C-alpha cells in the first residue's frame, strides 16, 4: 500500500523530467536542434501561409467585383429592355419627323433646318429676325389664305395678356366645332390615345386675357388640326408646341414683353398642316427660339390632304 505522495523540490522535479526526456529513444533534444527545428517549421508556415492568404484575398476580392459587375450589367439590360417593352415610343423618330419635310415645306422654313433629337427641328441656329423692341400695345393678328386655312398668327405679348384661369371658367370650354381635316381616331396605344387636338396658333394661356382676341377652340382663324403629340408634348426630350409655349409663359410671368409668331406650314392644297413654325424673342433678349414642330405622331399615318388617319401599330 502506497503512502501519501511526498512533495519534491522544484529542482528535483526538473531533473526527473529532463532525465526522462533524454532517455526517450530516437528523440534528439539538444537546445540547438529544438531551436533550429522550431525556426524551420515557423519559416515554412510563414512562407507557405502568408502568400496563400494574400493570394486568396486578392482573388476573392477580384472575383466578387466581377460578379457584382456582371450582375449589375444583366439587371440594367433587363430593366431597360422591360421599360422599352412596356412603354410605347411617344417621341417621333427622326425618320417620322422628317417625313413632312418636302421640298415645298423646306422652302417655307429656310435653308438651315436641323433635327433636335426630340421630335422637332431648329431653324437658322435658333435665331429669329423678329423685332421685339417695339412700343406698341399687345396684340394678336391672325391671317387666313384663299382656302380659308389659318396661316400666320403674329402677337406681341406681356403679362397683361397672360391667362391663368381654366377655359371653363372663362367660357372657352369644349366645343363641337372641327377644323378642316379633323377626322378623329381614338383608343390608340401609347401615351397619346387619340390622334388629333384642336391645335391653336396663339395659345389660350398666352393671350387669353387680351381684349378682342377669340381664344376659344372654335376660332377658325386660330385653330388647325394638330396631332396630340405636336400639341401637348412639353419635355426636353419630347419637344412639342407646348414645350416652347411654356418658355413664353415663363417669360410673361417674369414681366417680360415677347414678340411671338406661329405659322402653319402646308404642302400644296392639304387641309392638315405639315407642322407649325414657331418664333419668339423677348424684348430684353433673354428668350429666343426659331423652331418647327412637325405635325406627326408615333403609331399613326396621316393623309394630310384629307386628314384621314391610319393606325400603324
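Summary table
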{"item": "Positions within region 117-142 being surrounded by fewer than 16 Cβ atoms within 10 Å (Cβ to Cβ) and in a loop (DSSP other than H, G, I, E, B), in sequence order", "result": "117, 127, 129, 131, 133, 134, 135, 136, 137"}
{"item": "Cross-chain or 6+ apart pairs with Cβ under 8 Å, region 120-134 first and farther than 28 Å from residue 90 by Cβ, then surrounded by fewer than 16 Cβ atoms within 10 Å (Cβ to Cβ) and modelled with pLDDT under 95", "result": "none"}
{"item": "Candidates 269, 290 - the one that is touching a residue at least 12 places away in the same chain (Cβ under 8 Å) and either in contact with a helix residue (DSSP H, G or I) (Cβ under 8 Å, 6 or more places away or on another chain) or crowded, with 20+ Cβ neighbours inside 10 Å (or both)", "result": "290"}
{"item": "Elements of type strands (runs of 3 or more DSSP E) in region 266-313, at least 1 residues being under 18 Å from residue 112 (Cβ atoms)", "result": "275-282, 288-294"}
{"item": "Checking residue 92 against (1) assigned to a loop (DSSP other than H, G, I, E, B); (2) within 16 Å of residue 219 (Cα to Cα), the condition it does not meet", "result": "(2)"}
{"item": "Given (1) outside any strand (DSSP E or B); (2) touching a helix residue (DSSP H, G or I) at 6+ places or on another chain (Cβ under 7 Å); (3) in contact (Cβ under 8 Å) with a residue 40 or more places away in the chain; (4) within 28 Å of residue 102 (Cβ to Cβ), number of the condition residue 249 does not satisfy", "result": "(4)"}
{"item": "Selected residue (criterion: farthest from residue 278 (Cα to Cα)) from residues of region 244-257 that are surrounded by 14 or more Cβ atoms within 10 Å (Cβ to Cβ) and over 28 Å from the mean Cα position of the chain (by Cα)", "result": "256"}
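The values are calculated or read from the model by the stated rules, or taken from the named source; none is laboratory data. Everything numeric in this text was worked out from a predicted model, so none of it was measured. Positions of Cβ are generated from backbone atoms using ideal geometry, with glycine treated the same way; all protein chains shown enter the neighbour counts.
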